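The values are calculated or read from the model by the stated rules, or taken from the named source; none is laboratory data. What you are looking at is a predicted structure, and each value in this text was computed from that prediction instead of being measured. Reconstructed Cβ throughout: ideal geometry from the backbone, glycine too, with neighbour counts over all protein chains shown.
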Amino acid sequence: MMDARLRRLIDPPLDRIGAGLADRGIGADAVTVAGFGLGIAAWAALTAQAYGTALALVLLNRLCDGLDGAVARHVGATDRGGYLDIVLDFIFYAGMPFFFAVGRPEAALPAAFLAFSFMGTASSFLAFAVFAAKRGITTVARGRKSLYYLGGLTEGAETIALFVLICLAPSWFGPAAWMFGGLCWVTAASRIATGVTTFVDGMER
């Protein structure tokens, strides 16, 4: 919901940093993989209930997620880079509730619901992107991307806010997971509805 507006604020500084990294020969894929490594470290911190460390690592992971695209804009975007970016992002997202529950087994049920909800948002997002590409439908509302970014109530900014919240106030994880998971299903439903109404002209499947 907030991603398109936030892009206008964060893209200029990210672009400057990305240009500096590109000038130093650092590739976009390297930034993506480094960010995922930081995400794995955040998972480990969650299992150890080191929530301050987890918060710092989550924020660094998200910084890398913004920078890899900025670097790619200067050195040239690739299908491999776009593929790695979205796949590793979704794995990182799903790992957050799982590893939180590893550290706090009493949170297993809301964590499972949240991970289940992420499947709804991820599948509806990626399926729309596949058929949008097939039909040549594009958008730059959330910056130049390797695939179509369909909006919704819960996007990247809202998900990051959730992760920050559970690191700052881990005792709130249960209510936050149930509420955010419910909003994810609202997002999934709206994306499904958009897909059903967009892809209606009988093109061969």
- Message: Being closer than 23 Å to Phe173 by Cα and not polar (S, T, N, Q) is true for just one of Ala30, Ala50. Which residue is that?
- Response: Ala50
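Restricting the search to the stretch 159-205, which residues are under 23 Å from Ala50 (Cα atoms) and small (Gly, Ala, Ser)? I'd like the intermediate steps shown before the answer.
Filtering the stretch 159-205 for residues under 23 Å from Ala50 (Cα atoms) gives 159-178, 180.
Correct list: Ala161, Ala169, Ser171, Gly174, Ala176, Ala177.
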- Task: Check Ser117, Ser190, Ser146 and return the single one that is within 27 Å of Leu84 (Cβ to Cβ), modelled with pLDDT under 95 and among the small types (Gly, Ala, Ser).
- Result: Ser146
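Of everything in the stretch 53-77, what is of a type in the set (S, T, N, Q) and more than 14 Å from Val31 (Cα to Cα)? Give them in sequence order.
First, the residues of the stretch 53-77 that are of a type in the set (S, T, N, Q): 53, 61.
Thr53 - this is the single residue of the stretch 53-77 that is of a type in the set (S, T, N, Q) and more than 14 Å from Val31 (Cα to Cα).
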- For the stretch 106-138, enumerate the residues that are within 20 Å of the chain's Cα centre (by Cα) and under 23 Å from Pro170 (Cα atoms). Pro110, Ala111, Ala112, Phe113, Leu114, Ala115, Phe116, Ser117, Phe118, Met119
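Quickly run through the stretch 64-105 and pick out the residues that are of a type in the set (Asp, Glu), more than 12 Å from the chain's Cα centre (by Cα) and crowded, with 17+ Cβ neighbours inside 10 Å.
Step one: filter the stretch 64-105 for residues of a type in the set (Asp, Glu), giving 65, 68, 79, 85, 89.
Now restrict to residues that are more than 12 Å from the chain's Cα centre (by Cα): 68, 79.
Listed by number, the list holds a single entry, Asp68.
Could you please let me know if Ser123 is modelled with pLDDT under 95, under 17 Å from Thr187 (Cβ atoms), among the small types (Gly, Ala, Ser) and part of a helix (DSSP H, G or I)?
Details: modelled with pLDDT under 95: yes; under 17 Å from Thr187 (Cβ atoms): yes; among the small types (Gly, Ala, Ser): yes; part of a helix (DSSP H, G or I): yes.
When the stated conditions are applied, Ser123 passes them.
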- Item | Any hit, the stretch 54-77, residues being modelled with pLDDT under 90, in a helix (DSSP H, G or I) and either out of contact with any helix residue (DSSP H, G or I) (no Cβ under 9 Å at 6 or more places or on another chain) or closer than 28 Å to Trp185 by Cα (or both) | yes
- Task: Show the residue pairs that are 6+ apart or on different chains and have beta-carbon atoms under 7 Å apart, the first residue being within the stretch 60-77 and free of Cβ contacts under 8 Å to residues at least 60 places away in the same chain and farther than 14 Å from Ala42 by Cα, the second being among the β-branched types (Val, Ile, Thr) and buried (at least 22 other Cβ atoms within 10 Å of the Cβ).
- Result: Leu67/Val31; Asp68/Val31; Asp68/Thr32; Val71/Val31
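Please specify each residue of the stretch 31-53 satisfying the condition of being on the phi < 0 side of the Ramachandran plot and in a loop (DSSP other than H, G, I, E, B). Outline the logic, then answer.
Going residue by residue through the stretch 31-53, those that are on the phi < 0 side of the Ramachandran plot are 31-48, 50-53.
Selection gives Ala48, Ala50.
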- Task: Considering only residues that are crowded, with 21+ Cβ neighbours inside 10 Å and hydroxyl-bearing (Ser, Thr, Tyr), look in the stretch 106-138 and name the one that is nearest to Phe180 (Cα to Cα).
- Result: Ser117
